Amino acid sequence: MKRHLISAGDLSRDDALLILDTAAELASVAGRPIRKLPTLRGLTVVNLFYEDSTRTRTSFEAAAKRLSADVINFSARGSSVAKGESLKDTALTLEAMGADAVVIRHGASGAPHRLAGWVSGSVVNAGDGTHEHPTQALLDAFTIRQRLGGPDGVRVTIVGDVLHSRVARSNVLLLSTLGAEVTLVAPPTLMPYAVQTWPCQVSYDFDAELRKTDVVMMLRVQQERMTAAYFPSVREYRRRYGLDAGRMALLPEHAIVMHPGPMNRGVEIAAEVADSPRSTIVAQVSNGVTVRMAVLYLLLGGAGEAA
Ligand code: NCD
């Protein structure tokens, strides 16, 4: 495995499978009375979050703590970033404190890549702009494997605001590496321009795709990244691309419904779908901790041991 995890495209099939297998082993720790392993004792993990996050930040924090690492949480608000300090100066400060890994979320696509050039520790991309979110794709692959097996040969349909979604980009790369058949469904205005070069299919017929998919992954409509009107109204979006109970009934019996969170209930996903037994949304969150434990463990020195 490489020293950093910046893109899901950095992972070979073997790397990705090693992470998923390691996560499966680590999942047993979550069931123990004392949920801690001494593996990363003495190492420091910095969480550097320039964008808001609930799940991802707490999940990385829990993962590092369960491996006994020291965790420093740094958020742009309330730090010298608010005084105009640059990413580079912040990175050099963290470097001086001896960070062994920096987990970064940033509004600018490419920020983790830049950071990797400035620090000696491992950099983990926890979401950069509209670019990538590789650990989300890993936890999604883990969840698919847990529920349906694969992901080799599993049909996955990713629906919604693909244009602004780093989750969609990372999932297309990772799931195709793992042999899944991925189809994107979005309004034409929210389908990225160069999507033909991606390793997936594209469809504009949501209902037809639902009838033959194993997994439907709903994406949040990312209003905060929209600089123009991409659809006429929320009502129209919901009617054409929202997943409600009626549409969910088109899915094959075994199919599951995923969403990375945070959800816009009543927009891309109806409450009765989000809370239905087919929904894996809560499982995705708990799998996030074990998958991130596996990533930190493998990046920070466990790789040799595991191999
Ligand atoms: C996603 C993100 O931040 O990219 N959420 C997450 O990490 N669980 C998706 C989103 O914000 O819609």
*Kindly rank 137-143, 4-10, 105-111 from highest to lowest mean number of other beta carbons found within 10 Å of each residue.*
137-143, 4-10, 105-111
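In nm, what is the difference between 0.36 nm times the number of residues separating Trp118 and Val282 and their Cα-Cα distance?
Details: separation 164, 0.36 × 164 = 59.04 nm, distance 3.61 nm.
That works out to 55.4 nm of additional length.
Rolling a 1.4 Å sphere over the protein heavy atoms, what is the accessible area per residue of region 134-280, to the nearest Å²?
Details: 5980 Å² over 147 residues.
Solvent-accessible surface per residue comes out at 41 Å².
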*With +1 on each Lys and Arg Cβ and -1 on each Asp and Glu Cβ, how big is the dipole of the chain about its Cα centre, in debye rounded to the nearest 20?*
480 debye
*Report the dimensions of region 1-130 along its three principal axes from the alpha-carbon atoms, largest first, rounded to Å.*
44, 32, 26
*Mean residue ellipticity (222 nm) of the chain, computed from DSSP H runs ≥ 4 via -39,500 (n - 2.57), nearest 500*: -11000 deg cm²/dmol
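With a 1.4 Å probe and all protein chains in place, put Glu181, Glu25, Glu95, Glu268 in order of accessible area, largest first. Working shown, then result.
On the way: Glu181 105, Glu25 140, Glu95 60, Glu268 0 Å².
Result, largest first: Glu25, Glu181, Glu95, Glu268.
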*Could the peptides 241-251, 209-219 be put in order, highest first, of the mean number of other beta-carbon atoms found within 10 Å of their residues?*
209-219, 241-251
*Would you calculate the separation in nanometres between label points at Thr54 and Glu253, each defined as 7 Å from the Cα along the Cα-to-beta-carbon direction?*
3.5 nm
*Work out how much length Asp205 to Thr227 would gain on full extension: take 0.36 nm times their residue separation and subtract the Cα-Cα distance, in nm to one decimal.*
5.3 nm
*asked:* Could you sort Ile144, Ile34 by their accessible area in this structure, using a 1.4 Å probe and putting the largest first?
replied: Ile34, Ile144
*Per-selection Kirkwood Rh - region 134-280 (Cα, Å, 1 d.p.)*: 15.1 Å
*Counted charge near Gly153, where neighbours are those whose Cβ lies closer than 11 Å (Asp, Glu -1; Lys, Arg +1)*: -2
*Please find the FRET efficiency linking Asp21 to Glu236, where r is the Cβ-Cβ separation and R0 is fixed at 41 Å, and quote it to the nearest 0.05.*
0.40
*Sum up the charges of everything whose Cβ sits under 14 Å from the Cβ of Arg240, counting Lys and Arg as +1 and Asp and Glu as -1, but leave Arg240 out.*
-3
*asked:* Please list, short to long, the whole-number percent of alpha-carbon pairs of the chain in consecutive 20 angstrom bins beginning at zero.
replied: 34, 57, 9
*Hey, could you pull the Cα Rg and Dmax for region 6-82, both in Å?*
14.8, 41
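Grab the Cα-Cα distance for Met97 and Asp152, subtract it from 0.36 nm times how many residues apart they are, and report the gain in nm with one decimal.
Numbers: separation 55, 0.36 × 55 = 19.80 nm, distance 4.22 nm.
Here the segment from Met97 to Asp152 would lengthen by 15.6 nm.
The values are calculated or read from the model by the stated rules, or taken from the named source; none is laboratory data. Note that the structure is a prediction, hence the values are computed from the model and not measured. Using ideal geometry, Cβ is built from the backbone for each residue, glycine included, and neighbour counts are taken over all protein chains shown. Just the protein is used for accessible areas: all its heavy atoms, side chains included, with ligands, DNA and RNA removed. Shrake-Rupley method; radii C 1.70, N 1.55, O 1.52, S 1.80 Å.
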